[in-house]
Amino acid sequence: MNLVDEKEYVFSLHEFRMIFEYNNENLSNKDFIKKQKKLLKLSGIGQSLSNKKASEIRIKCKYLGEEGWVISPYWRPRENEKWYDTWFGLVFNNQSEKINDYFLENDYLLLKRINERTRYGVNRPDWFYEAEILFEKHYYTSCAMLLTAVLEESIRKSPIGGWFYKVTNFFDKAVHNKIEDYYNKNLEPLNRYIETVILLPAIDGFINNYFDSGYHFGKDKGNRDKEEPYFLERNWLMHGLTKRKVVEADCVKLFNVICSLDYILQTLFKEESS
């Protein structure tokens, strides 16, 4: 079950959050929280965000991140599409190119939208803008290298130490206590759902695989070059050792994860990113 009726399921995560807040702005804070908890309960997620349904969503979103895709808070599902299940199904069935198409259709509308919202929120907007120019000129390798540098800057700005040290045990170690603090102090139930059930697990999966995939370059015992991962990985790219062709989708994935990370820096971690 979804947070809204499937027939009305045409809003991005960000739009849904804004519309829900606008439609309930006259409620007292207590009643507003109560309504959010009721919505989560009716959706089968549960207000604690720790039941089987919530855990299943986290697993799917982390898998998406590990495969290079973080659900964009600005993506609008079409009829019969869902925020996380649609993307999960496409990746699981080896159709991830259709996710890339979401960003490219209508003259790159979604990609332009996320970049406009992100460009001046990152630490190095000059690098981000230059990456956009390189992308337009189809210089995808140079674009990916610049975006990797931008992503590293954004990670350093994040209060999640586990990401900074490339040790991302989201539910076990570095992040757990930090998130619990926000559960208790800052976050309303709906925001907790969007940030900590959908976005954070996906971002965590992306960072973990992109920065430390387990594929190490060098020679094996037979003095043969070690195998490169089937996906673009930071260390192989930035050390000039990748033999794979960097393509448009690689850059789209990087633009997207930078946008989603910037989004949670401005929502979940707003006190520490301001």
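Observations
- Of the residues making up segment 149-160, those that are closer than 11 Å to residue 254 by Cα and surrounded by 20 or more Cβ atoms within 10 Å (Cβ to Cβ) number 2.
- Single residue of 271, 227 found to be at pLDDT below 85, outside any loop (DSSP other than H, G, I, E, B), acidic (Asp, Glu) and farther than 17 Å from residue 70 by Cα: 271
- Among the candidates 30, 34, 38, residue that is free of Cβ contacts under 8 Å to residues at least 12 places away in the same chain, surrounded by 14 or more Cβ atoms within 10 Å (Cβ to Cβ) and more than 28 Å from residue 210 (Cβ to Cβ): 34
- Residue within segment 55-75 that is assigned to a loop (DSSP other than H, G, I, E, B), more than 20 Å from residue 262 (Cβ to Cβ), of a type in the set (D, E, K, R) and over 12 Å from the mean Cα position of the chain (by Cα) present: no
- Segment 76-124, subset of a type in the set (A, V, I, L, M, F, W, C) and not in a helix (DSSP H, G or I), residue nearest to residue 194 (Cα to Cα): 83
- Filter result for residue 117 (surrounded by 14 or more Cβ atoms within 10 Å (Cβ to Cβ), within 19 Å of the chain's Cα centre (by Cα) and either of a type in the set (D, E, K, R) or at pLDDT 95 or above (or both)): yes
- Test result for residue 49, touching a helix residue (DSSP H, G or I) at 6+ places or on another chain (Cβ under 6 Å) and either more than 30 Å from residue 230 (Cα to Cα) or surrounded by fewer than 18 Cβ atoms within 10 Å (Cβ to Cβ) (or both): yes
- Filter pass, residue 26 being part of a loop (DSSP other than H, G, I, E, B), of a type outside the set (Val, Ile, Thr), at positive phi and at pLDDT 80 or above: no
- Taking the listed residues 126, 107, 101, the one that is surrounded by fewer than 19 Cβ atoms within 10 Å (Cβ to Cβ) and under 19 Å from the mean Cα position of the chain (by Cα) is 101, with no other qualifying.
- Qualifying residue in segment 238-254 (condition: modelled with pLDDT under 85, over 26 Å from residue 29 (Cα atoms) and not in a helix (DSSP H, G or I)): no
The values are calculated or read from the model by the stated rules, or taken from the named source; none is laboratory data. Quick caveat: nothing in here was measured; it's all calculated off a predicted structure. Here Cβ is always computed from backbone atoms with ideal geometry, including for glycine, and neighbour counts include all displayed protein chains.
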